[in-house]
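Working notes, structure below.
Read-outs: derived from the displayed coordinates by stated rules, not from any lab. Predicted, not measured: the structure shown is a model, and the values here were computed from it. Here the Cβ positions follow ideal geometry from the backbone for every residue, glycine too, while neighbour counts run over all protein chains shown.
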Amino acid sequence: MKFSLPVVVSIFATCMPCVADASTCYGTVGKGRLSGGVQLPPQGVNFAAYSSTGVEMGRTYVHDQVRQVMLEAYANVRTTLPDRTYVYGETGLAHGGPIPPHRTHQAGLSVDFMVPVLDDADRSVPMPSSPANKFGYALEFDDQGRIPGYRIDFDAMAEQLYQISMTSRRYGLTIARVIFDPRLAERLFNSSRHGAELQRILPFMKERPWIRHDEHYHVDFGLSCRPLRDYHG
Ligand SMILES: [Zn+2]
């Protein structure tokens, strides 16, 4: 078959970015690697990274399908809950592999989402983040989801998880695991926005996690990765 020049140009124009962006995961989230990883944008209209230092240190890379899901989910939430703001936490390194202190996050498929919060004036605000509170990770929410001056916005959290779940399917990903403090998860399931549905459709880890997961919820996206032995840097 012979292509005319405009057709060839248009094929390249369409496909070159896909080739450049294609990510491949190897192994598992607990022992894995990533090639062609992409960094999440440090901020968008209704979201931001947990720490500019973390971004500069390259701790916010993911598989490109994960990035597409996250960005589309944030865009969808802008439609359903336009006044809410979100913060994402650590994800992984550009080439995956160990990223202490996390036990997983090795294949570009793990994302920590910091809980969305409301302040005392009921405004949706970014979770307070500074080196003193380990960029949010050292905050301790009580069993009702409160810290002084802030409380978890369970409706905003449920809406985001719902959008992530729906969007994942469109991009060929599953949700393999969600880790969140079981007592706070009960409040999430009582949320008016898809709470009961989330309990049914998402695989929340039942066992007690090794760290409490009250200030963030961890999501492992599911994708069949290539064997780790196929990774050659
Ligand atoms: Zn995590």
Could you check what % of the DSSP bridge pairs in the chain are antiparallel, to the nearest 5?
-> 85
Note the full-extension length gain between A176 and E197 as 0.36 nm times their separation in residues minus their Cα-Cα distance, in nm to one decimal.
-> 5.9 nm
For H105, what is the net charge nearby, where nearby means another residue's Cβ is under 15 Å from its Cβ and Lys, Arg count +1, Asp, Glu -1?
-> +3
Separation of the R123 and M166 label points, Cα + 7 Å toward Cβ, nm = 2.9
How big is D, in µm² s⁻¹, for the chain by Stokes-Einstein at 10 °C and 1.306 mPa s if Rh is the Kirkwood radius over C-alpha pairs?
-> 86
A75-V45 pseudo-label distance in nm [points 7 Å out on the Cα-to-Cβ vector] = 1.0
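Give me the number: length gained by fully extending K31 to S52, i.e. 0.36 nm times residue separation minus the C-alpha to C-alpha distance, one decimal in nm.
Once the chain is fully extended between K31 and S52, it gains 4.9 nm.
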Sort C225, C25 so that the residue with the fewest other Cβ atoms within 10 Å of its own Cβ comes first and the one with the most comes last.
-> C225, C25
Cα-based convex hull volume of the stretch 23-134 per residue, rounded to whole Å³ | 95
Could you tell me the distance between the Cα centroids of the stretch 171-201 and the stretch 75-131, to the nearest Å?
-> 16
What is the stretch 29-230's relative contact order, in percent, from Cα pairs under 8 angstrom and six or more apart in sequence?
-> 22
Compactness summary of the stretch 103-181: radius of gyration and Dmax from Cα atoms, Å, are 14.3, 40
